[in-house]
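Have a look at the structure below before the remarks.
The values are calculated or read from the model by the stated rules, or taken from the named source; none is laboratory data. Keep in mind it's a predicted model, so treat the numbers as computed, not measured. Cβ atoms come from the backbone with ideal geometry, glycine included; neighbour counts cover every protein chain shown. Remember, those area values only see protein heavy atoms, side chains included, never the ligands or the DNA or RNA. Shrake-Rupley method; radii C 1.70, N 1.55, O 1.52, S 1.80 Å.
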Amino acid sequence: MSEHRPLPRRGADGPDRPEDDVVGVRTGVSFGPRWAEPAERVNEGVRLHARGRARRARELLERASAATEVPDVDAEGLDLRARALANLAALAEERGEPRESLRLAGAALAACDRVEESVGDARGTPAVRGGVLVNRAQTLQLLGRNEEALADCDAALALPVRSGPGSVPLDFALRNTRGCALIALGRYPEAEADVRAALAIAQEHEPRLAGHAHTNLAVLAGRAGDLRTVSEHLRLAREFHALGGDPVARALSEENLARFDLGERRLGRAERRLRGAERAYVALGAEHRAASVQFGLALLAFLRGRVGRARRVLRRATRVLERTGEVGALVECHLLAGDLAACRLRFRAADRHYLAARALCFDSNAPHEAARVDARRARVVLASLRLAWLPPMRRHLLGAALDVGLPAALATDALRHAFPPGRTRERWSTEVARPALATALRLLTLAQQPRLAVELIEHLAASATLDRERPAVEPAGAGGSFAAELRSRIVAAPFGQELPEPFPAPAEPVGGGAFAASLASGGGAAAEGFPAPRLALPPRLRVFEAGEHRLADWIAAGEQRYGRRIRSDDELRVW
């Protein structure tokens, strides 16, 4: 599911219109006769934007901004320009042009600089700047640049923005957007604190905003595997979005509920909701959001075994998402495309898609997600071994699968230590690390490497989880066609185990993260400064007194490949 954030008006203020009942239009600034007409255009643009008339809103805002491009522009005109550009940046993101949105946001911040140089904060410029920074943070999340998004949120948090009813939308958007960035970075306790702060602001001052926070609380509950709480928060989100009247938010709440239904295998209900969300997005002219729904429809077709239809729908969605550059959604598309190619026995094509997803993970500073992609690649190769009859081919495939799968298994196992004790840590252990390690052990068995397998088992014994692991669900359909077997391996596992549970979904306008996003951000170097309280990386183990200790080389390979420590520098002898 996708994290929610408030949409237009996200700090994109208009001038005074206290009679307007539009969430996010703050009062307290006025304009003289010279700028009265352009200011009214900004007001009207904000109102139209809130009501889904984006094209007309853009025309009015561009006219207002153009009116300020004169040699003798004063502080009022620059202030008006900043407000118009802030709204234009929000509109650019909504129509699927995130890079244009970043350009407009930069221009708005430059206008804020000039206003403050001239009159300080007399025109409430810190509030305008804060809104632009929050807007830009949301856009950066779309592009997978979550560290930069968090930096913008922290810069907005440090601004001397005034308190009072007019600051409520910005205060809410700031906390909620910061929570989104922290979720994407795997910093869940901090994320929950920010999202709950946002919810408290909404409950006290503006209940129509509460739906955005409830969806983020659903995302956090999903990290811990608490599906009942996920369902409840998504239901509340839909109710609050119906109260707020934001058509995009209403459509996204239906999409999120549909994705939840997909995870629960309620396919008929999921399809109805996906179709409804798609119709709403098309009516709003939101092509890139409709593309995220099409990904859901492709996944639905895959779950039903309709591989050809899934491929056709997914191709349409991918073309749109490649144009907009939405990283999280593209990772999902490549993962599913790889699965579809593997089901058709096109393993080279499948690996090209997996490698594309892997590259996007590294580009977005998410090497832990790349490890999950590699674990997926190894599982597909393992499934394909039944087709490799010639010994040289089997040896080649086993070697390739081990090179990919064993470092990934070691890395995903080590990432559990980035979590404090609790349900999220255990969910990562049972649904991410355990399948990867099971694949690695199976590969070692087939490759007839018992010594390395013993080392790996001892390694695992030194990093046990806190709770009893849930029993695995055996794949159905063994003995049938290869495509049916592979599909069963992918879709018959527990919720989130092997489906693309995939990437950090950016905030609300994306709608691209199916089910849940990433589950860890990794740790620091060795035990000191490790992000989880009371936990440290386990030591390395010396299993055999004599002979080669091969696991050490694989640990080193995993640490180099994913940029995360797997074991501390200490070494203990097994006893």
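So, R34, is that one open to solvent by 10 Å² or more (accessible area, probe 1.4 Å), closer than 21 Å to S101 by Cα, at pLDDT 85 or above and in a helix (DSSP H, G or I) or not?
no
Check whether at least one residue in segment 240-249 is of a type in the set (D, E, K, R), over 24 Å from L360 (Cα atoms) and open to solvent by less than 50 Å² (accessible area, probe 1.4 Å), and report yes or no.
There is at least one residue in segment 240-249 that is of a type in the set (D, E, K, R), over 24 Å from L360 (Cα atoms) and open to solvent by less than 50 Å² (accessible area, probe 1.4 Å).
In the set E326, E278, E287, which member is within 21 Å of E97 (Cβ to Cβ), of a type in the set (D, E), touching a residue at least 40 places away in the same chain (Cβ under 8 Å) and surrounded by fewer than 24 Cβ atoms within 10 Å (Cβ to Cβ)?
Checking each option against the conditions leaves just E287.
Yes or no: H214 in contact with a helix residue (DSSP H, G or I) (Cβ under 9 Å, 6 or more places away or on another chain) and modelled with pLDDT under 90?
no
Give the residue, chosen from D121, D154, that is at pLDDT 90 or above, surrounded by fewer than 21 Cβ atoms within 10 Å (Cβ to Cβ) and either farther than 25 Å from A237 by Cα or polar (S, T, N, Q) (or both).
Answer to the selection: D154.
Quick check: anything in segment 432-439 farther than 30 Å from P391 by Cα and hydroxyl-bearing (S, T, Y)?
The answer is no; no qualifying residue exists.
Please verify whether A111 is at negative phi, touching a Lys or Arg at 6+ places or on another chain (Cβ under 8 Å) and modelled with pLDDT of 90 or more, treating the condition exactly as stated.
For A111, the condition - at negative phi, touching a Lys or Arg at 6+ places or on another chain (Cβ under 8 Å) and modelled with pLDDT of 90 or more - is met.
Do we find a residue being without any contact (Cβ under 8 Å) to a residue 60 or more places away in the chain, surrounded by fewer than 22 Cβ atoms within 10 Å (Cβ to Cβ) and either under 21 Å from the mean Cα position of the chain (by Cα) or part of a helix (DSSP H, G or I) (or both) anywhere in segment 332-344?
Taking every residue of segment 332-344 in turn, at least one turns out to be without any contact (Cβ under 8 Å) to a residue 60 or more places away in the chain, surrounded by fewer than 22 Cβ atoms within 10 Å (Cβ to Cβ) and either under 21 Å from the mean Cα position of the chain (by Cα) or part of a helix (DSSP H, G or I) (or both).
From G305, G222, G268, grab the single residue that is open to solvent by less than 50 Å² (accessible area, probe 1.4 Å) and not in a helix (DSSP H, G or I).
Within the list G305, G222, G268, the selection yields G305.
Under 8 Å by Cβ, and 6 or more places apart or on different chains, what pairs join a residue from segment 370-382 that is farther than 16 Å from F347 by Cβ with one that is assigned to a helix (DSSP H, G or I) and among the polar types (S, T, N, Q)?
Cβ pairs passing all conditions: A371/T412; R372/T412; A375/T412; A375/T439.
Being surrounded by 23 or more Cβ atoms within 10 Å (Cβ to Cβ), in contact with a Lys or Arg (Cβ under 8 Å, 6 or more places away or on another chain), assigned to a helix (DSSP H, G or I) and hydrophobic (A, V, I, L, M, F, W, C), is that true of even one residue in segment 346-357?
Taking every residue of segment 346-357 in turn, none turns out to be surrounded by 23 or more Cβ atoms within 10 Å (Cβ to Cβ), in contact with a Lys or Arg (Cβ under 8 Å, 6 or more places away or on another chain), assigned to a helix (DSSP H, G or I) and hydrophobic (A, V, I, L, M, F, W, C).
Say we look at segment 91-106 and pick out the residues that are part of a helix (DSSP H, G or I) and farther than 18 Å from E148 by Cβ; which of these is farthest from the chain's Cα centre (by Cα)?
L91
Select from segment 72-108 the residues that are closer than 14 Å to G124 by Cα and open to solvent by 30 Å² or more (accessible area, probe 1.4 Å) and list them in ascending order.
E76
Looking at (1) surrounded by fewer than 22 Cβ atoms within 10 Å (Cβ to Cβ); (2) more than 19 Å from the chain's Cα centre (by Cα); (3) more than 24 Å from R423 (Cβ to Cβ); (4) without any contact (Cβ under 8 Å) to a residue 40 or more places away in the chain, find the lone condition where E206 falls short.
Among (1) surrounded by fewer than 22 Cβ atoms within 10 Å (Cβ to Cβ); (2) more than 19 Å from the chain's Cα centre (by Cα); (3) more than 24 Å from R423 (Cβ to Cβ); (4) without any contact (Cβ under 8 Å) to a residue 40 or more places away in the chain, E206 violates only (4).
Just one of the numbered conditions (1) touching a helix residue (DSSP H, G or I) at 6+ places or on another chain (Cβ under 6 Å); (2) surrounded by fewer than 24 Cβ atoms within 10 Å (Cβ to Cβ); (3) modelled with pLDDT under 90 is not true of R162; which one?
If we test R162 against (1) touching a helix residue (DSSP H, G or I) at 6+ places or on another chain (Cβ under 6 Å); (2) surrounded by fewer than 24 Cβ atoms within 10 Å (Cβ to Cβ); (3) modelled with pLDDT under 90, just (1) comes out false.
Tell me, please, whether a residue that is out of contact with any helix residue (DSSP H, G or I) (no Cβ under 9 Å at 6 or more places or on another chain), modelled with pLDDT under 85 and open to solvent by 10 Å² or more (accessible area, probe 1.4 Å) can be found in segment 441-462.
Scanning segment 441-462 turns up at least one residue that is out of contact with any helix residue (DSSP H, G or I) (no Cβ under 9 Å at 6 or more places or on another chain), modelled with pLDDT under 85 and open to solvent by 10 Å² or more (accessible area, probe 1.4 Å).
In segment 177-194, which residue that is among the small types (G, A, S) and touching a Phe, Trp or Tyr at 6+ places or on another chain (Cβ under 9 Å) is surrounded by the most Cβ atoms within 10 Å (Cβ to Cβ)?
Here the answer is A184.
The conditions are (1) within 22 Å of L257 (Cα to Cα); (2) open to solvent by 10 Å² or more (accessible area, probe 1.4 Å); (3) at pLDDT 90 or above, and A197 fails exactly one of them. Which is it?
(1)
Criterion first (closer than 20 Å to P450 by Cβ, at pLDDT 75 or above, within 37 Å of the chain's Cα centre (by Cα) and open to solvent by less than 50 Å² (accessible area, probe 1.4 Å)) does I566 satisfy it?
no
Here is a list: V320, V313, V293, V327. Which entry is modelled with pLDDT of 95 or more and out of contact with any strand residue (DSSP E or B) (no Cβ under 7 Å at 6 or more places or on another chain)?
Matching residue, one of V320, V313, V293, V327: V313.
Against the definition (touching an Asp or Glu at 6+ places or on another chain (Cβ under 9 Å), crowded, with 24+ Cβ neighbours inside 10 Å and at pLDDT below 90), how does R372 come out, yes or no?
Taking the combined requirement at face value, the residue satisfies it.
Going by the conditions given, is L85 on the phi < 0 side of the Ramachandran plot and outside any helix (DSSP H, G or I)?
no
Conditions tested, residue by residue: (1) within 30 Å of A357 (Cα to Cα); (2) touching a Gly at 6+ places or on another chain (Cβ under 7 Å).
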{"residue": "S65", "(1), (2)": "no, no"}
{"residue": "A86", "(1), (2)": "no, yes"}
{"residue": "A105", "(1), (2)": "yes, no"}
{"residue": "G130", "(1), (2)": "no, yes"}
{"residue": "R145", "(1), (2)": "yes, no"}
{"residue": "A149", "(1), (2)": "yes, no"}
